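The values are calculated or read from the model by the stated rules, or taken from the named source; none is laboratory data. Here the structure is a predicted model, which is why all the values come from computation and not from measurement. Heads up, the Cβs are rebuilt from the backbone with ideal geometry, glycines too, and the neighbour counts pull from every protein chain shown. Heavy atoms of the whole protein, side chains included, go into the accessibility calculation; ligands, DNA and RNA do not. Shrake-Rupley method; radii C 1.70, N 1.55, O 1.52, S 1.80 Å.
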There are 2 protein chains.
Amino acid sequence: MSDSPPPPGPPLGPPLWEVLSSRTVLQDRWIHVTADAVRDSKGNVLDPFYSLSYPDWVHVVAVTPADELVLVRQYRHGAQAWTLELPAGAVDKADADPTVAAARELREETGYSAPEFRLLHSLSPNTATHRNRAHTVLALGATLTHPTAHEVGEDITVELWPLARVLAQLGAGLLPQAMHTASLLLALNAAGRIDFTLKDAP
Amino acid sequence: MSDSPPPPGPPLGPPLWEVLSSRTVLQDRWIHVTADAVRDSKGNVLDPFYSLSYPDWVHVVAVTPADELVLVRQYRHGAQAWTLELPAGAVDKADADPTVAAARELREETGYSAPEFRLLHSLSPNTATHRNRAHTVLALGATLTHPTAHEVGEDITVELWPLARVLAQLGAGLLPQAMHTASLLLALNAAGRIDFTLKDAP
């Protein structure tokens, strides 16, 4: 008999909350809100507990041979501002995997293509409320190959920013979209372009 | 006459989208969904365009004198998983600023206090849909001073993780919450503990 190592990953914790009932309270092409009655692990009943269901999203970290990041500036009605962001979009049901969606969204929003799209991470937009995942896809060697093809409601211009300049201005709010900041930093770390080695406190 | 420098910040772009009408389609204590009819800068009318209004949120990056990060593990019904996250919560109307909310949420969720709470950044949870902001607050020298005070629906345990270990495992999905990953990395950069200097491609 050998001692088995513990299973990888974090402890699972107590069982999931029990869903006592579930109803859709708002649904159309753009939004899907579910209200559940749930019982937590202490026995408390929470009703309604709202969840938001969307398709999965992709964030594309596309870097040109000249070490520029391909960004889009667009009007965002949620934040009520023109913001600089990563190219991003929804994964369609027909997409074999998030890299297919990434290639499409990058091409349509910016006209750029790349020889390879690498899926790096999948995070939650908001663990408390969102049922979907946001995937980070890295595209090195991105070049301009197509005209853009913007959908109605996409008020977009393309901007190329030197990667070093993006990193220098990130702390000053260059990319206001929190999820995109996470995707960018994790992708550059995975690509060996920045490192997260802890330094002594200054 | 002198040449005035351009104003700081990104160019403003064309005017904001025109709101033709606005109606609340779902509202209670927990959720507030607005459906606007809007005209974009190209003249397209989008109706409905949904926005989500919440109070502002705070994410607390609390580091102990032993260089451990104060984290919470809790069941999250959106992601339907037990996840490791930063202490976080909502800013109340009575809070003078986000640091007040940060101190309260850290104390209630974890029992930790700190001599100073420093507001570093304010990002958008999702520029497309969310009207609120998520503030990143840094708390150095955090120590255990109080019992925890969890609200109904908070299934929380406190975990201390060496900062270096967190950073080493971030790319493997240690913190599944995308916004928290952004807050953590920006905060450690602002504190001089990691740097975003661009390295040559490997």
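Listing for the model above:
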| read-out | value |
| --- | --- |
| Tally of residues being open to solvent by 50 Å² or more (accessible area, probe 1.4 Å) and of a type outside the set (D, E) across the stretch A:191-202 | 4 |
| Options B:A164, B:A149, B:A187, B:A168; residue that is more than 7 Å from every other protein chain (Cβ to nearest Cβ), over 20 Å from the mean Cα position of the chain (by Cα) and closer than 30 Å to A:L140 by Cβ | B:A168 |
| Failed item, numbered, when B:N126 is tested on (1) buried (at least 21 other Cβ atoms within 10 Å of the Cβ); (2) more than 19 Å from A:A134 (Cβ to Cβ) | (2) |
| Residues (surrounded by fewer than 15 Cβ atoms within 10 Å (Cβ to Cβ), part of a loop (DSSP other than H, G, I, E, B) and not aromatic (F, W, Y)) located in the stretch B:14-40 | B:P14, B:P15, B:D28, B:R29 |
| Condition met for B:A178 (modelled with pLDDT under 95, aliphatic (A, V, I, L, M) and in the same structural domain as B:E116 (by TED's automatic domain parsing)) | no |
| Residue in the stretch A:70-80 that is of a type in the set (S, T, N, Q) and open to solvent by 30 Å² or more (accessible area, probe 1.4 Å) present | yes |
| Scan of the stretch B:112-135 for residues that are touching a residue at least 24 places away in the same chain (Cβ under 8 Å), facing chain A (nearest Cβ under 7 Å) and not polar (S, T, N, Q), ordered by number | B:H121, B:L123, B:P125, B:H130, B:R131, B:A134 |
| Test: residue in the stretch B:37-45 that is over 26 Å from B:A142 (Cα atoms), among the polar types (S, T, N, Q) and touching a residue at least 60 places away in the same chain (Cβ under 8 Å) | no |
| Boolean, A:G78 is more than 28 Å from B:A172 (Cα to Cα) and within 11 Å of chain B (Cβ to nearest Cβ) | yes |
| Odd one out for B:L174, checked against (1) facing chain A (nearest Cβ under 9 Å); (2) in contact with a Phe, Trp or Tyr (Cβ under 9 Å, 6 or more places away or on another chain); (3) farther than 30 Å from A:L120 by Cα | (3) |
| Every pair of residues 6+ apart whose Cβ atoms lie under 6 Å, when the first sits in the stretch A:180-192 and is in contact (Cβ under 8 Å) with a residue 12 or more places away in the chain while the second is assigned to a helix (DSSP H, G or I) and open to solvent by 10 Å² or more (accessible area, probe 1.4 Å) | A:L186/B:G171; A:A190/B:G171 |
| Flag if B:H59 is outside any loop (DSSP other than H, G, I, E, B), open to solvent by less than 10 Å² (accessible area, probe 1.4 Å) and either under 25 Å from A:F49 (Cβ atoms) or among the aliphatic types (A, V, I, L, M) (or both) | yes |
